[in-house]
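The structure under discussion appears below in the form of structure tokens.
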Amino acid sequence: MHTPEIVLLGGPNSGKTHYFGQLYIRLRRHAGQLQIRSDQGTPPDLSPLEEVLHCLENGRSASHTPTKTWREVLLPLVDAQGSEMNLFWPDYGGEQLETVFKDREVPEAWRDRLSKADGWVLLIRLRKETTYPDVLAELSERAKHSNGSEARPGVWDANARWVELLQILLHVAGLGTVERLRSPRLTVLLSCYDELETSEVLPSKVLATHLPLVSAFIHSLWADDAVSVWGLSALGCALDKDSENDKFIDEGPEHQGWVIASNGGERDADLTQPLAWLLKAS
Ligand SMILES: Nc1nc2c(ncn2[C@@H]2O[C@H](COP(=O)(O)OP(=O)(O)OP(=O)(O)O)[C@@H](O)[C@H]2O)c(=O)[nH]1
Ligand SMILES: [Mg+2]
């Protein structure tokens, strides 16, 4: 049995838990590129997903994952070609990734996962990323030209922060930056894509517009066919913690949410697609 390993990289509030919940519901529906194998005797232990599944069924948003939490669910999968695999999908408090960046230190368990992984999933919620798109001539007026928020001491431009973080992670994983990487494959998920008002069709161009340095870094490091950038809206809309969304309840969470593939195109309800792409060659 193939047991691919993946690393999920996403800061606080980037949409990890809700994607996890929606992904699991899609896998169980047996309608996408990847499905849960139904031949399993013992169903997977779903306790890490309990809260988010309950909230989704009731059309509400789930809570922030406590900082120190680390949990995973075993997903017994089968792909469209009939290949079977077992995959652990992780969930954790996104501050853990911020701590790696701040302390320049990677915990032992993370090191191990990074060096063994067949694929990396990078979740970036562009709406929440702070950038200071100044040019030299505008430096003196930097606050006026920042994207909504003033340049704050200690708050890094998201371009610099992600590139630095990726460099730390690549170093720890023992991955060189001389030759373009073919493994681990990299899936970039631009999460909460419904929040972005963009007429651009290609998610990779949206990334390049919002975070040009991150886009350039990723594309210079990974071989073209080893990286793909997707637009992900796991929920399709914003949910509230306290009030219920009737559409979600009436139609069911399995009918909400979509992805836009790296080559553009229509919204696709199959939330398993980015994962199927990531696992294709592993
Ligand atoms: N509009 C919109 N909001 C979303 C979507 N997915 C998640 N959210 C919201 O974004 C917020 C953060 O989502 P989470 O899934 O909890 O994020 P997380 O990465 O698990 O965050 P931590 O647990 O803090 O690490 C929540 O309020 C969600 O309701 C989406 O597709 N669209
Ligand atoms: Mg969470």
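The values are calculated or read from the model by the stated rules, or taken from the named source; none is laboratory data. Quantities reported herein were computed from a predicted structural model and do not represent experimental measurements. A quick note on method: Cβ atoms are made from the backbone with ideal geometry, for glycine too, and the neighbour counts reach across all protein chains shown. Just so you know, the surface numbers come from the protein's heavy atoms only, side chains and all, with ligands and any DNA or RNA stripped out. Shrake-Rupley method; radii C 1.70, N 1.55, O 1.52, S 1.80 Å.
Worth a mention:
- For LYS16, the lysines whose Cα comes closer than 19 Å to its Cα, not counting residues fewer than 8 places off in the same chain, are LYS68, LYS128, LYS241.
- Paramagnetic reach from ARG127 (point 7 Å along Cα→Cβ, amide N under 18 Å) across region 193-222: 193-200, 203, 206-207, 210-211
- Taking a straight Cα-Cα cut-off under 17 Å and skipping sequence neighbours fewer than 8 places away in the same chain, no lysines fall within cross-link reach of LYS205.
- Order of exposure, largest accessible area first, which applies to ARG26, ARG182, ARG125 with probe 1.4 Å: ARG182, ARG125, ARG26
- Percent carbon-and-sulfur accessible area, the chain, ignoring ligands, DNA and RNA, probe 1.4 Å: 47
- Paramagnetic reach from TRP156 in region 98-137 [backbone N under 11 Å; point 7 Å along Cα→Cβ]: 98-105
- Enclosing the Cα atoms of the chain in their convex hull gives a volume equal to 147 cubic angstrom per residue.
- Taking every protein chain into account, the accessible area of the chain amounts to 49 square angstrom per residue (probe 1.4 Å).
- For the chain, the 222 nm mean residue ellipticity estimated from helices alone, with every DSSP H stretch of n ≥ 4 adding -39500 (n - 2.57) and the total spread over all residues, rounds to -9000 deg cm²/dmol.
- Seen from a random direction on average, the alpha-carbon convex hull of region 181-282 projects onto 7.4 square nanometres.
- For VAL155, the solvent-accessible surface computed with a 1.4 Å probe is close to 50 Å², ligands and nucleic acids excluded.
- Gain in span if fully extended, GLU50 to LYS280, counting 0.36 nm per residue against the direct Cα distance: 79.9 nm
- Sites ASP250 and GLN167 - FRET efficiency at Förster radius 41 Å, r taken between beta-carbons, to 0.05: 0.30
- In summary, the lysines within cross-link reach of LYS116, defined as a Cα separation below 20 angstrom excluding same-chain residues under 8 places away, comprise LYS280.
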